[in-house]
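Q: First the structure, which I've put down as structure tokens, then a few questions once you've had a look.
The values are calculated or read from the model by the stated rules, or taken from the named source; none is laboratory data. This is a predicted model, so every value here is computed, not measured. FYI the Cβ positions are ideal-geometry reconstructions off the backbone, even for glycines, and counts take in every protein chain you see.
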Amino acid sequence: MSGTVGVVGAGTMGLGIAQCLAEGGYDVVVVDPTLGSATGVAAAVDRLRTGLRQARLLAPHRVGEPVARVTERISWADRTAGLDRAGYVIECAPERIPLKERIFGELDAVCPPSTVLASVTSAIPIDRLAASTRRPDRVVGTHFMNPAPLRDSVEVVRAPRTSADALQRTLDLLAAIGKTGIVVADGPGFVINRVLMLTVNEAAEVVGQGTADAATVDRVFQECLGHATGPLRTADLIGLDTVVDTLLVLLECTGDPRFRPGRTLRELVDAGRYGRKSGSGFHQYPRPVATAAT
């Protein structure tokens, strides 16, 4: 696929995806309101370089070009107008339905008619976002997992109006950056978060009711079911504030009361205990590590 790839959002997920694209040889434009100043850009570049170094430390077999060469492929903008030449755009904004709908409307107005618009939404139905555009056939879901540079597969969501061409371009782009797309149909939460968020919500209530502490809950999942980290460490990595936001989207889109965030989750978020990015959540961490939505 030729042309620049745009990434909307300079959180950890957005920067992680930009890193994957740049390492794959693509020119990338990252758009975020925080990038309207030299200070904002410098902070984003610093976080990007840190992410590159951490990924190479954790996965040394993936080491490729020097960090400086990768970062040179990324440019920065504070408005979506900077994506007027992008051939593909991946939206990574916070999980707020009105915000994402507004962004998709802006992208539709700015980007060439052939541009594919993808969303990394955790739970919002892709067809709902597509309705904010005049090109619903070119809107698709690309649900990257966190941390994006270290995950080999992506949940790709094909909405009812997503064209075969847009889907294929998405799969080709993912393959070009070393990832496999797993295609699912559209629906609130798709596959992963439709199941995972219920699990996290219930696991949190198990802790709140005193059946087991967080470490024991995760240990049961790890040792009895072979789960890599357990549901509560996974939630800490995602960010408990993002988990609550995702549950609220699922509640709104399905009407199913099972998705109402439980008391334990809400109390942790209200206390500013978001997980790894704040230094504590269900577990304690030696230092804050920035994370973002799944």
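Q: Going through Asp218, Asp137 one at a time, which residue ends up being in contact (Cβ under 8 Å) with a residue 12 or more places away in the chain, surrounded by 20 or more Cβ atoms within 10 Å (Cβ to Cβ) and of a type in the set (D, E, K, R)? Don't jump to the end; show me each part of the working.
A: Values: Asp137 fails: surrounded by 20 or more Cβ atoms within 10 Å (Cβ to Cβ).
Residue meeting the stated conditions: Asp218.
Q: Can you pull out the residues in the stretch 160-203 that are over 19 Å from Ile17 (Cβ atoms), among the small types (Gly, Ala, Ser) and either in contact with a Gly (Cβ under 7 Å, 6 or more places away or on another chain) or in contact (Cβ under 8 Å) with a residue 60 or more places away in the chain (or both)?
A: Within the stretch 160-203, Gly187, Gly189 meet the criteria.
Q: For the stretch 131-144, enumerate the residues that are closer than 30 Å to Leu240 by Cα and more than 18 Å from the chain's Cα centre (by Cα). Don't jump to the end; show me each part of the working.
A: Pass one, the stretch 131-144, residues closer than 30 Å to Leu240 by Cα: 131-132, 139-144.
Scanning the stretch 131-144 gives Ala131, Ser132.
Q: Of the residues that sit in the stretch 143-155 and are touching a helix residue (DSSP H, G or I) at 6+ places or on another chain (Cβ under 6 Å) and without any contact (Cβ under 8 Å) to a residue 60 or more places away in the chain, which one is surrounded by the fewest Cβ atoms within 10 Å (Cβ to Cβ)?
A: Glu155
Okay, residues lined up against (1) in the same structural domain as Leu174 (by TED's automatic domain parsing); (2) assigned to a loop (DSSP other than H, G, I, E, B); (3) at pLDDT below 95:
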| site | (1), (2), (3) |
| --- | --- |
| Gly51 | yes, no, yes |
| Leu57 | yes, no, yes |
| Arg69 | yes, no, yes |
| Tyr88 | yes, no, no |
| Ile103 | yes, no, no |
| Arg128 | yes, no, no |
| Thr142 | yes, no, no |
| Met145 | yes, yes, yes |
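Q: Which members of the stretch 245-274 meet the condition of being over 17 Å from Phe190 (Cα atoms) and either assigned to a helix (DSSP H, G or I) or in contact (Cβ under 8 Å) with a residue 60 or more places away in the chain (or both)?
A: Step one: filter the stretch 245-274 for residues over 17 Å from Phe190 (Cα atoms), giving 257, 260-274.
Result: Pro257, Pro261, Gly262, Arg263, Thr264, Leu265, Arg266, Glu267, Leu268, Val269, Asp270.
Q: Okay, moving on. I need every pair where a residue in the stretch 227-244 that is assigned by TED's automatic domain parsing to the domain that holds Val207 and farther than 14 Å from Thr216 by Cα has its Cβ under 8 Å from the Cβ of a residue that is charged (D, E, K, R) and not in a loop (DSSP other than H, G, I, E, B), sequence separation at least 6 or different chains.
A: Partner pairs satisfying both residue conditions: Asp236/Arg276; Leu237/Arg276; Gly239/Arg276; Gly239/Lys277; Val244/Arg266.
Q: To continue, here is another question. Using the structure shown, decide if Glu95 is more than 17 Å from Ala176 (Cα to Cα) and in contact with a strand residue (DSSP E or B) (Cβ under 8 Å, 6 or more places away or on another chain). I'd like the intermediate steps shown before the answer.
A: Values: more than 17 Å from Ala176 (Cα to Cα): yes; in contact with a strand residue (DSSP E or B) (Cβ under 8 Å, 6 or more places away or on another chain): no.
For Glu95, the condition - more than 17 Å from Ala176 (Cα to Cα) and in contact with a strand residue (DSSP E or B) (Cβ under 8 Å, 6 or more places away or on another chain) - is not met.
Q: Let me ask another. Looking only at the stretch 106-127, count every residue that is closer than 30 Å to Gly255 by Cα and either of a type in the set (A, V, I, L, M) or more than 22 Å from the chain's Cα centre (by Cα) (or both) and tell me the total.
A: Within the stretch 106-127, the subset closer than 30 Å to Gly255 by Cα is 106-108, 117-127.
Subset that is either of a type in the set (A, V, I, L, M) or more than 22 Å from the chain's Cα centre (by Cα) (or both): 107, 117-118, 120, 123-124, 126.
So the count comes out to 7.
Q: Moving on to the next point. Only one residue in Ala235, Ala228 is among the small types (Gly, Ala, Ser) and touching a strand residue (DSSP E or B) at 6+ places or on another chain (Cβ under 8 Å). Which one? Break it down into steps so the answer makes sense when it comes.
A: Details: Ala228 fails: touching a strand residue (DSSP E or B) at 6+ places or on another chain (Cβ under 8 Å).
Of the residues listed, the single one that is among the small types (Gly, Ala, Ser) and touching a strand residue (DSSP E or B) at 6+ places or on another chain (Cβ under 8 Å) is Ala235.
Q: Additional query: In the stretch 230-262, what residues are at pLDDT below 95 and either of a type in the set (A, V, I, L, M, F, W, C) or farther than 24 Å from Pro98 by Cα (or both)?
A: Passing the criteria: Leu237, Ile238.
Q: Continuing with this model, one more query. For the stretch 97-130, give me the residue count where each residue is crowded, with 16+ Cβ neighbours inside 10 Å, more than 18 Å from Gly14 (Cα to Cα) and small (Gly, Ala, Ser).
A: The total comes to 2.
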